[in-house]
Amino acid sequence: MSLIVQKFGGTSVADVEKIRAAARKAIRAQRQGHQVVMVVSAMGKNTDVLLDLAGQIGENPPAREMDMLLSTGEQVSVALVAMAIHELGAKAISLTGGQIGMKTDNSFSKARIQSISTERIQRLLSEGNIVVAAGFQGIDDDLNITTLGRGGSDTTAVALAAVLGADACEIYTDVDGVYTTDPRKLPEARRVEVISYDEMLELASLGAGVMHSRSIEFAKKFGVPIHVRSSFSDTEGTMIVAEPESMTQPVSGAAMTADEARVTVLGVPDVPGKSLQIFSAIAARKIAVDMVVQNVGQDGSADISFTVPRGELNATLAALDSVMKSVGAKGITHDDEVSKVSVVGMNMARQANVASRMFRALADANVNIQMITTSEIKISALVSKRQSADALRAVHEAFDLHIRPADAKNWKQIKADRSEADFETLVNRLRADALEALTLTGISLTNDQARVTLHGVPDRPGIAADMFEMIGQASIFVDMIVQGYDGEDGSTSVSLTVEKKDLAKTIEVAKTIQAKHGMRDLQSADHIAKITVSGIGLRSHTHVATLLFDRLAADNINVEMINTSELQVNAVIDATNAAKATDSLKKAFAESLM
Ligand SMILES: Nc1ncnc2c1ncn2[C@@H]1O[C@H](COP(=O)(O)OP(=O)(O)O)[C@@H](O)[C@H]1O
Ligand SMILES: N[C@@H](CC(=O)OP(=O)(O)O)C(=O)O
């Protein structure tokens, strides 16, 4: 008998009528011959209400009690949904996280799933029940209640679908699918029929709140197709699967995190080990850091900038406070009025001029870019919060995201083209791993690279666009781009990597750019290597970057540039050290490497 997991988010169980509608959907699926597991979130904004209540008691509630409190929201909904199913004449049983055997670690508010026992669910299903499971919660080894992080019910649903071997995992929500960007922020956004796991993982972690990013890690590992659809209609929604919608369009979605904070640690001595001290202090608090940029100054010290979610700024500053002395840094600046705008696409790595197109769109909208980071499938720009909506609209339009690509395929076509054998191999490889344990797929080295850095880049709209258009016109293919925030003199630095064979040409263009915009200095390095750690969900596994810094520092190797995505962590180092670095990283990550 086929098994379906149906997840109903808070918006889909916000009141009694909606609860009844959700119950009817589950009963209908059961009557069509499926076994049904429902995963339900807290009603409406109930989790926010509970958070607010806790805030009224005190500023720093104990993490354990916070999870005890927040888990009650889901407990209310599962009971009501089960009652509604009874009322409508079918059998249902509600279960808490603990009762479905959802074992997690003990990181309250950010717990990771370790195992799920399925016997009880299987038994209840075979007795003809609809099982109504509480999303977002689990228990640790000491039977403490834990929660998985905001939006975590998606992860409960996909994890259950994975361990139960479900035939479908349906995510019912208040939109009828995944859009090219949040349709509430941009009405012209387009609903996509299909999006790949990698793109959705990246978009979710960059602000597309429609899915919890960790749920996509599960889906990818276990090959669970996810169907995101509306709880208020029966129309088909969006399938999240291994394949992208189009094989040509460079960008398939845009996302914005409105509430970000930038932190810059000034005057960090430019010797191995300093980044490690900074980022391990932050990672110890499980704060996910993004947009890490290091600007090496001329005086042998570096400014290290990065972004964190705005709500984590205080915790980040506290973490930094504890290491500032031993790092020997000169000071810290921060800005919590910034937003991160990103574009994501599987095909961008193979195409030139994607970055310049984004930067030009921002320049034309008169948006200043404060920081830039790129990875193989995304480009992020940090902008002022005030301009974030304009920035999102500008990039969405620049990549024609409102138009369906000519070669777009729907799920039926993709499924028909699929080689099931290849797909099974991929899934079997990934599945061998423990549930939410880190899965690394490889450590590789790119040797033939060079770096060019421009210092004293004027901090005003249009400069990045101009630079990368000139580089593009010279047919130079740029790999990594980072623009750092320079706290001191109102200018920034931009570093980029190119293939070694293009270095001379790049320097020529860079000289022209430098003269045109009166930039202070131009540096280059012709002997660099990029070391890449690939896997799934690397940004949420905060220790990956830390362990990388740790191993390189232990070998006395300086990291010149770093970029992170959900799929890769890349570090640029001097090529002389490449072999040594690869060896020690392979050893350090041996346990997680498949
Ligand atoms: N790319 C996107 N596509 C669709 N919805 C998005 C996207 N990015 C953000 N969203 C937002 O996600 C919301 C659904 O998530 P959420 O409010 O958490 O629902 P639920 O309560 O069902 O979990 C939508 O209403 C939409 O505003
Ligand atoms: N109720 C939790 C968990 C959750 O996933 O909710 P939703 O499915 O409504 O996003 C939250 O608000 O974070």
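Legend: calculated FRET efficiency, Ala284 to Arg64, from the Cβ-Cβ distance at R0 = 22 Å, rounded to 0.05, equals 0.75. Below 21 Å, Cα to Cα, which lysines can Lys91 reach? Residues fewer than 8 away in the same chain don't count. Within reach: Lys7, Lys18, Lys25. Under 19 Å from a label point set 7 Å out along the Cα-to-Cβ vector of Thr512, the amide N atoms of segment 460-487 belong to 462-479.
Subtract the Cα-Cα distance of Leu522 and Ala554 from 0.36 nm times their separation in residues, and report this length gain in nm to one decimal. My answer for the length gained is 8.5 nm. Here the residues Val5, Val452, ranked from fewest to most Cβ neighbours within 10 Å of their Cβ, fall in the order Val452, Val5.
Listed by chain and number, the lysines whose C-alpha is less than 22 Å from the C-alpha of Lys516, apart from same-chain residues fewer than 8 away, are Lys505.
For the chain, the longest principal axis of the Cα atoms and the long axis of helix 153-164 meet at an angle of about 70 degrees.
The stretch between Met247 and Gln122 holds 41.0 nm of extra length on full extension. This uses 0.36 nm per residue minus the Cα-Cα distance. Among the listed pairs Lys378/Lys580; Lys274/Lys501; Lys340/Lys580; Lys378/Lys511; Lys340/Lys378, those whose Cα-Cα separation exceeds 24 Å are Lys378/Lys580; Lys274/Lys501; Lys340/Lys580; Lys378/Lys511.
When Leu203, Leu160, Leu88, Leu585 are arranged by Cβ crowding within 10 Å, least crowded first, meaning fewest neighbours, the order is Leu88, Leu585, Leu160, Leu203. Taking every alpha-carbon pair under 8 Å whose residues sit at least 6 apart, the chain reaches a relative contact order of 12 percent. Among residues other than Gly73 with Cβ under 11 Å from its Cβ, the summed charge is -1 (Lys and Arg +1, Asp and Glu -1). Distance from the C-alpha centroid of segment 194-239 to that of segment 323-383: 24 Å, rounded to the whole angstrom. Estimated from the Cβ-Cβ distance and a Förster radius of 22 angstrom, the FRET efficiency linking Arg150 and Ser384 is about 0.30. Taking the number of Cβ atoms within 10 Å of each Cβ as an exposure proxy, the fewest-first ranking of Ser107, Ser2 is Ser2, Ser107.
Compared with the dominant principal axis of the Cα atoms in the chain, helix 463-473 is inclined by about 80°.
Readers should treat all values here as calculations from the given coordinates under stated rules, not as data from a laboratory. These numbers were taken from a predicted model, which means no experiment stands behind them. Virtual Cβ from ideal backbone geometry, glycine too; neighbours counted across all protein chains shown.
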